[in-house]
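Reading through the structure tokens given below for one structure.
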There are 2 protein chains.
Amino acid sequence: MRLSQFHLRTEKETPADAELVSHKLMLKAGMLRKLGAGIYTWSPLGLRVLRKVETVVREEMDAAGAIELLMPTIQPRELWEQTDRWQKFGPQLLKVKDRKEQEFCYAPTAEEVVTDFARGELASYKQLPVNFYQIQTKFRDEIRPRFGVMRSREFLMKDAYSFDIDEAGMAASYQAMHAAYTRIFTRLGLEFRAVQADSGAIGGDASQEFHVLAESGEDALVFSTGSDYAANVEAARAAAPAPRAAASETMRRVDTPTQKTCEDVAALLDIPMARTVKSVALFAGKTFVLALVRGDHAVNEIKLAKVAGLADYRMATEAEIAEYLGSTPGFLGPIGAAKAIRVIADPEVAALADFVVGANAAGFHIAGVNWGRDLPEPETVADIRDVVEGDRAEDGGTLKLVRGIEVGHVFQLGRKYAEAMDFKVLDANGKATVPFMGCYGVGVSRIVAAAIEQNHDANGIVWPTAMAPWQVAVCVINPKGEAHVAEAADALYRELRESGFDVALDDRGLRPGAMFADIELIGVPHRVVVSGRGLEAGTFEYRARSASESENLDRAALLARLRGCRFSEQ
Amino acid sequence: MRLSQFHLRTEKETPADAELVSHKLMLKAGMLRKLGAGIYTWSPLGLRVLRKVETVVREEMDAAGAIELLMPTIQPRELWEQTDRWQKFGPQLLKVKDRKEQEFCYAPTAEEVVTDFARGELASYKQLPVNFYQIQTKFRDEIRPRFGVMRSREFLMKDAYSFDIDEAGMAASYQAMHAAYTRIFTRLGLEFRAVQADSGAIGGDASQEFHVLAESGEDALVFSTGSDYAANVEAARAAAPAPRAAASETMRRVDTPTQKTCEDVAALLDIPMARTVKSVALFAGKTFVLALVRGDHAVNEIKLAKVAGLADYRMATEAEIAEYLGSTPGFLGPIGAAKAIRVIADPEVAALADFVVGANAAGFHIAGVNWGRDLPEPETVADIRDVVEGDRAEDGGTLKLVRGIEVGHVFQLGRKYAEAMDFKVLDANGKATVPFMGCYGVGVSRIVAAAIEQNHDANGIVWPTAMAPWQVAVCVINPKGEAHVAEAADALYRELRESGFDVALDDRGLRPGAMFADIELIGVPHRVVVSGRGLEAGTFEYRARSASESENLDRAALLARLRGCRFSEQ
């Protein structure tokens, strides 16, 4: 591409209204233009990158045997009613009425439509397994769209859906997609991890997320030093605690006039926070629940909701707390409740001896508390906390936390959707049976932003080669407009193209400083400068985007260097 | 592609509910599945064809210097208000409210958004000319979606928008797009014509439509035998008539008791229909208008609306006819009106002598009528009729009519949108000036249907090679499952692929009849049969989709034949 024939428009100033570095750099590089909240036009430069990602995703999906189709963005309400998701999906579902007052939604995902397609197309186990995918625009009406295409409302997603005759088949299809995703993110040159995940609103049996690692990531990821174990913090588990020690203190009421937090209580009593207990008051159904975690731990809402009876829990009101515990917040505890309550203890709390809880009386806590002696053993012991850095892992290792950006998600859905939509095929015995589904998403547009979060420096984006708008930029320095310089640049441009490189010839006639700043900002991995002085010496100036110094190389050495980089990057 | 790894599902029966042959064949071949009125899923087979079209369109747009970007499908009301199209576009515009009650539409076209993009990106004439395009899903809420993807609501369109500093630049950009479209439809192997068109609701100064010729086409196209002249019937013009002959009859009232049509009157009086005059009663503003065309001609509503004062005309009611003409329909004429009326005569009527009109009295006509003598010369003479086969063309040739399917449209928009959206750039003198726009659409998904309308036979689709899902099908006949037959087929499949052909290996194990029927139905241009018997003889059975006979060719002859076809098709 000759940049004089392209539309490149970078900004000198960094946009003030963007928070994330990827958003700032995409605007500064002119990759995006905002049309509305969470709605962006991809400029020619941005689209080049988006298409590179799309192509890698498509190639690996095809290589994994998935078959591409194209489903509509506008989908009828009736199908979404069949799975109860017309309501359940919530306000993220953009609903629309046509001129005949028929209701539709703009698809945020396509389980219903693909299952409807499949039930019309698949009649026998002989047609299975099959995995249909599409790369199609999606819309989710986010309450607070932000961070550019990191969390936009309209976005490009690859969504795939597998159909198998049995659970083992579903597991195999799932593994094939896991392997394909691993190849996709490897080819894209991204540092990533697959982690166990909660399957959330889409439901189903097993799921893993693929995250691009970046300090700015919204999600906390947990790894073990002892094995391959990795999980989203929502799903991560620590090892069971050591057995409870014997009681050594007597229970006593302590004055804590202004100490409403575990931290303050521990400081006052000069004990570790790990010996204090935080009591979180909830209401679930008609039951008042006290959830107990250690003072140095945090309740994990997703784990909490998985405890039997707590699927629809909510925080208790102050009035309910007063009624059931006879106390005000800050001094709550499981001892001496005014009415019957349910106590759920995290395993780390259940393993404590000589611990401190609120006294259910303003200004007081109770210290030296021991299970079985001062209060009954907890009715429910369940993992309800976030793991923390340094926790012991189930594999014997230690848990570490890093931050990531979710760019892919694989689910085993089981029979949920097929059952709801009455989709059956004949099995080998001629019996109608509900197939097993998996679904597999890649956030194509989000990958672009995530890659920048992971790969940038003070001068701009540092693209992995597979995603770069061009692999090589040939920059022409030719202030006198000399024919032989222009010709040499053009010849090099054509030669590199013929060698299979995706090349930009910067023939815009900019001053070197402005030209180099642009090429660095937009993150082209390899820069070659053609100048009259270089040509006299028989050399080109080469610099990798990630390098701090440039080198003067003759034509053969330059080509060898670029070919070598290409080889190592593939 | 090995068809055993693909999802192909053809129907034995022709769908009863489809009207057009393309719709029937697309459903029968399993290219489409209906999701709702005018909303379709493209199956893997259908998508292969759609992508082939998309690729040709993209390559030719790139070759013409247009630059691809990607605009959102969901667009804010505010922008559409700036050009007054939020209301004017009418109920085809699918409107939607988000969770914050903000209003958007699903883009049916993108003049507003691209102009908004351009005004943020383009500041100087130095950046012009530029032509931005996208290939993006569109939605038009058709009142009566029909014919499958021929007139669907959700569809894939390529839309391009050029920006020039002056009118001459716009004309050059327009010509470049005209040339690109000619290459696109030529490469796609379609018989097509570019015709002059009315620019309709999008407005602007000049426009041409590209039509795929097909008997089932919705549009009537007009050609001249005397030159390259071609136009949509809405825009087509015939030569001016010969000068009026002298009057030779006297005016007389004739009894036409039951003769309400020109045909009946001409038969009764034994004169040609071309000597009768049809009077069409209209109301425009506060004026009663009588539009006169020859009895053998039809009024063209679009031409009529272009006559000064008739932009918002409507048909007159019977009450208005009674009030202004004192008559009932069937006997209307320009002589003896009860109140003042405006008369608009088509040139062919203005050139008549001794003609017949209604008498404005039930049961009577007036014959031998002559302008200037029996009634005043017509106030307005304007081309208000459809041309007909055999009309004399302005170039001296004869007009011919054929039918076509509109698949492309190029417009010179002028400054309409840029002015409405206050988009200016600096010209060479540093003066802010409104640029000139063009817009250029290709109906990517409609092309697929149009190609089938033009290219099919009793056995199914006959794809032009460039659009075919595969160029070659290698069919394996191997009832005994012999290894050497499977291996030979596989080797041929690989060899053809390595030679650059897009090949399907039909290894599904179907009986020959079913396999051949599928391959014919889905329209693969070249079929090669590998069988044990053929291998013994050292031959493959080759048949072109368009041929009636097959031939036995050895490997070298087969490859030469396929290469020869490829050469001639490109």
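Please enumerate the residues belonging to the range B:255-291 that are basic (Lys, Arg) and over 25 Å from residue B:340 (Cα atoms).
B:275
Looking at the range B:458-490, which of its residues are closer than 30 Å to residue B:58 by Cβ and assigned to a strand (DSSP E or B)?
Correct list: B:460, B:461, B:472, B:473, B:474.
Run residue A:88 past the list (1) modelled with pLDDT of 95 or more; (2) more than 10 Å from chain B (Cβ to nearest Cβ); (3) out of contact with any helix residue (DSSP H, G or I) (no Cβ under 6 Å at 6 or more places or on another chain) and report the number of the one that doesn't hold.
(1)
Tell me which of these residue B:506 doesn't satisfy, since it passes every other one: (1) in contact with a helix residue (DSSP H, G or I) (Cβ under 6 Å, 6 or more places away or on another chain); (2) more than 20 Å from residue B:541 (Cβ to Cβ); (3) outside the structural domain of residue B:27 (by TED's automatic domain parsing).
With (1) in contact with a helix residue (DSSP H, G or I) (Cβ under 6 Å, 6 or more places away or on another chain); (2) more than 20 Å from residue B:541 (Cβ to Cβ); (3) outside the structural domain of residue B:27 (by TED's automatic domain parsing) applied to residue B:506, the lone miss is (2).
Using beta carbons and a limit of 6 Å, which pairs, at least six apart or on different chains, have the first residue in the range A:460-478 and under 16 Å from residue A:191 (Cβ atoms) and outside the structural domain of residue A:512 (by TED's automatic domain parsing) and the second one part of a strand (DSSP E or B) and not aliphatic (A, V, I, L, M)?
Here the result reads A:462/A:456, each pair linking the range A:460-478 to a residue that is part of a strand (DSSP E or B) and not aliphatic (A, V, I, L, M).
Please go through the range B:287-306 and pick out each residue that is in contact with a Phe, Trp or Tyr (Cβ under 7 Å, 6 or more places away or on another chain) and either farther than 11 Å from residue B:344 by Cβ or in a loop (DSSP other than H, G, I, E, B) (or both).
B:288, B:305
Just to check your reading of the model, which residue among B:240, B:194 is over 30 Å from residue B:435 (Cα atoms) and in contact (Cβ under 8 Å) with a residue 24 or more places away in the chain?
B:240
Which ones in the range B:279-307 are acidic (Asp, Glu) and free of Cβ contacts under 8 Å to residues at least 12 places away in the same chain?
Listed by number, the list holds a single entry, B:301.
Take residue B:149 and decide whether it is part of a helix (DSSP H, G or I), farther than 23 Å from residue B:51 by Cβ and not aromatic (Phe, Trp, Tyr).
For residue B:149, the condition - part of a helix (DSSP H, G or I), farther than 23 Å from residue B:51 by Cβ and not aromatic (Phe, Trp, Tyr) - is not met.
If we scan the range A:142-154, do we find a residue that is within 28 Å of residue A:121 (Cβ to Cβ) and either away from chain B (no Cβ under 14 Å) or touching a strand residue (DSSP E or B) at 6+ places or on another chain (Cβ under 6 Å) (or both)?
Going through the range A:142-154, the residues within 28 Å of residue A:121 (Cβ to Cβ) turn out to be none.
Within the range A:142-154, none of the residues are within 28 Å of residue A:121 (Cβ to Cβ) and either away from chain B (no Cβ under 14 Å) or touching a strand residue (DSSP E or B) at 6+ places or on another chain (Cβ under 6 Å) (or both).
For the range A:39-61, give me each residue that is of a type outside the set (Val, Ile, Thr) and out of contact with any strand residue (DSSP E or B) (no Cβ under 7 Å at 6 or more places or on another chain). Even if it seems obvious, please write down each step before you answer.
Of all residues in the range A:39-61, those of a type outside the set (Val, Ile, Thr) come to A:40, A:42-48, A:50-52, A:54, A:58-61.
Selection gives A:45, A:48, A:51, A:52, A:59, A:60.
Do any strands (runs of 3 or more DSSP E) lying entirely in the range B:495-570 carry at least 3 residues that are acidic (Asp, Glu), and which ones are they?
Filter on the range B:495-570 gives an empty set.
Tell me, yes or no, whether the range B:11-28 has at least one residue that is in contact with a Ser or Thr (Cβ under 6 Å, 6 or more places away or on another chain) and under 30 Å from residue B:476 (Cβ atoms).
Looking through the range B:11-28, at least one residue is in contact with a Ser or Thr (Cβ under 6 Å, 6 or more places away or on another chain) and under 30 Å from residue B:476 (Cβ atoms).
Listed here are the residues, each with its yes/no results for (1) within 24 Å of the chain's Cα centre (by Cα); (2) within 11 Å of chain A (Cβ to nearest Cβ); (3) modelled with pLDDT under 95.
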| site | (1), (2), (3) |
| --- | --- |
| B:13 | no, no, yes |
| B:23 | yes, no, no |
| B:38 | yes, yes, no |
| B:44 | no, yes, no |
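Can you name the residue in the range B:46-59 that is more than 11 Å from chain A (Cβ to nearest Cβ) and without any contact (Cβ under 8 Å) to a residue 40 or more places away in the chain and is also nearest to residue A:130 (Cα to Cα) among such residues?
Result: B:55.
Would you be able to tell me the number of residues in the range B:62-82 that are touching a Ser or Thr at 6+ places or on another chain (Cβ under 7 Å) and polar (S, T, N, Q)?
1
Could you tell me which numbered condition residue A:361 fails, if it satisfies all but one of (1) within 14 Å of residue A:376 (Cα to Cα); (2) more than 36 Å from the chain's Cα centre (by Cα)?
The single condition residue A:361 does not satisfy is (1).
Inside the range B:68-84, can you point out the residues that are free of Cβ contacts under 8 Å to residues at least 24 places away in the same chain and within 13 Å of another protein chain (Cβ to nearest Cβ)?
The answer is B:78, and nothing else.
Across the range B:373-422, which residue is farthest from residue B:174 (Cα to Cα) among those that are surrounded by fewer than 21 Cβ atoms within 10 Å (Cβ to Cβ) and hydrophobic (A, V, I, L, M, F, W, C)?
B:375
Which condition from (1) within 8 Å of another protein chain (Cβ to nearest Cβ); (2) within 23 Å of residue B:99 (Cβ to Cβ) is the one that residue A:5 breaks?
If we test residue A:5 against (1) within 8 Å of another protein chain (Cβ to nearest Cβ); (2) within 23 Å of residue B:99 (Cβ to Cβ), just (2) comes out false.
Pairs, please: C-beta under 6 Å, at least 6 apart or cross-chain, first residue without any contact (Cβ under 8 Å) to a residue 24 or more places away in the chain and in the range B:251-272, second surrounded by 13 or more Cβ atoms within 10 Å (Cβ to Cβ)?
The qualifying pairs are B:268/B:259.
Which numbered condition in (1) surrounded by fewer than 19 Cβ atoms within 10 Å (Cβ to Cβ); (2) at pLDDT 95 or above; (3) of a type outside the set (A, V, I, L, M, F, W, C) is the only one that residue B:257 fails?
(2)
Can you confirm whether residue A:65 is touching a residue at least 60 places away in the same chain (Cβ under 8 Å), facing chain B (nearest Cβ under 7 Å) and at positive phi?
For residue A:65, the condition - touching a residue at least 60 places away in the same chain (Cβ under 8 Å), facing chain B (nearest Cβ under 7 Å) and at positive phi - is met.
Taking the range B:396-415, which residues are within 18 Å of residue B:386 (Cβ to Cβ) and under 15 Å from the mean Cα position of the chain (by Cα)?
The answer is B:401, B:402, B:403, B:404, B:406.
So which residues in the range B:307-345 are surrounded by fewer than 15 Cβ atoms within 10 Å (Cβ to Cβ), within 35 Å of the chain's Cα centre (by Cα) and assigned to a loop (DSSP other than H, G, I, E, B), if there are any at all?
Correct list: B:308, B:309, B:311, B:312, B:317.
Do we have residue B:28 as touching a Pro at 6+ places or on another chain (Cβ under 7 Å) and either surrounded by fewer than 22 Cβ atoms within 10 Å (Cβ to Cβ) or charged (D, E, K, R) (or both) here?
Criteria met by residue B:28.
Are there any pairs with C-beta distances below 9 angstrom linking a residue in the range B:405-425 that is assigned by TED's automatic domain parsing to the domain that holds residue B:111 and within 14 Å of residue B:81 (Cα to Cα) to a residue that is surrounded by fewer than 19 Cβ atoms within 10 Å (Cβ to Cβ) and among the basic types (Lys, Arg), with the two at least 6 apart or on different chains, and if so which?
Final answer for the pair search is B:418/B:119; B:418/B:424; B:421/B:119; B:422/B:119.
Is it the case that the range A:149-166 has a residue that's over 27 Å from residue A:104 (Cα atoms) and at pLDDT below 95?
No.
The values are calculated or read from the model by the stated rules, or taken from the named source; none is laboratory data. All figures in this text were calculated on a predicted structure; none of them were measured in a lab. Using ideal geometry, Cβ is built from the backbone for each residue, glycine included, and neighbour counts are taken over all protein chains shown.
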